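To keep things clear, I will list the structure first and then write my remarks on it.
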Amino acid sequence: MPTTAEELFAYDAIILLDPDKTDLDEEWTKLVDQWVTRFGGGLLYAAARPHSPAFMRDPMFKGLIDLLPVSPDPEADLILNQIGHYQTTASPIEVSPEAAQHAILRVTDDAQSDATAWQSFTEGYWHYPVLREKPVAAVLLRHGNPRMRNNYGGHVLAAVQFAGSGRTGFLAFDGTWRWRRFGQEWFERFW
């Protein structure tokens with residue numbers, strides 16, 4: 001992990017895959033904020049079971065969390081306890097027609113093929129629940145299980161937004177690897 005401005009600013013984007021909060025500190029969070037908002041860096045936070053619940057509620061990382069296109073749910077731990085930390089049945093993932101046209105979700109070169117593709121491999125298991133997307137965010141994926149709704153709609157599973165000069169993204173689940181069974185090329189193009 002780049003720890004100095006010189007190291008960090010050499011990158012265009014950083015993907016935080018379920019970061020362990022003991023590996024980062026508040027100074028690093030401030031550096032990332034500056035890198036994204038002032039210098040146009042890209043940041044993707046991808047949640048997973050082992051570390052995301054503790055990371056998302058730690059006040060030390062508020063600056064980094066504030067960059068994300070979602071608002072954390074103060075009751076996320078309660079929701080996780082209610083739905084269980086391990087789901088054995090897949091739930092549908094919803095992709096709106098507008099979201100299917102977003103560059104991130106373009107997994108083929110044809111809009112009709114994209115729509116068909118997203119109908120084929122939209123299933124999810126565990127996710128980290130957030131309250132809602134931020135006002136300027138674009139929601140790409142939502143949870144399709146009626147139990148996974150709040151006053152703002154289905155739980156946000158993927159969203160993106162501009163943050164100052166840069167861009168940020170949030171991926172609420174760690175199951176995209178399952179999409180490989182529908183075609184390695186789709187999986188790789190998504191990532």
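The values are calculated or read from the model by the stated rules, or taken from the named source; none is laboratory data. This structure is a prediction, so every number in the text was calculated from the model and none was measured. As a convention, Cβ positions derive from the backbone with ideal geometry for all residues, glycine included, and neighbour counts pool all protein chains shown. For the accessible areas, the whole protein counts, side chains as well, though only heavy atoms, and no ligand, DNA or RNA atoms are used. Shrake-Rupley method; radii C 1.70, N 1.55, O 1.52, S 1.80 Å.
Observations on the model:
- Taking every alpha-carbon pair under 8 Å whose residues sit at least 6 apart, segment 131-191 reaches a relative contact order of 24 percent.
- Close amide H partners of residue 132, meaning residues 5 or more places away or on another chain with modelled amide H under 5 Å apart, are 71.
- For segment 1-89, accessible area per residue (1.4 Å probe, heavy atoms of protein chains only), Å²: 55
- Over the chain, Cα pairs under 8 Å with separation of 6+ residues give a relative contact order of 26 percent.
- Cα lying deepest toward the dipole's positive end in segment 52-191, options 156, 87, 60, charges on Cβ: 60
- Gaussian network model of the chain, springs between alpha carbon atoms under 10 Å - residue of 90, 13, 137 with greatest fluctuation: 90
- Segment 26-85 and segment 144-191: distance between their alpha carbon centers, rounded to Å: 15
- Summing +1 for each Lys or Arg and -1 for each Asp or Glu among the other residues whose beta-carbon sits under 14 angstrom from that of residue 17 gives -2.
- Of the residues 5, 173, 100, the one whose Cα sits farthest towards the positive end of the charge dipole of the chain is 100 (charges of +1 on Lys and Arg Cβ, -1 on Asp and Glu Cβ, taken about the Cα centre).
- The shape of segment 18-70 can be summarised by an equivalent ellipsoid whose semi-axes, obtained from the alpha carbon gyration tensor, come to 18, 12, 9 Å from longest to shortest.
- Close amide H partners of residue 150, meaning residues 5 or more places away or on another chain with modelled amide H under 5 Å apart, are 155.
- Residue-wise HN-Hα coupling along segment 169-175, computed from phi with Karplus coefficients 6.51, -1.76, 1.60 (Hz; x: Gly, Pro): x, 9, 10, 7, 9, 10, x
- Carbon and sulfur %, accessible surface of the chain computed with the full protein complex present, 1.4 Å: 51
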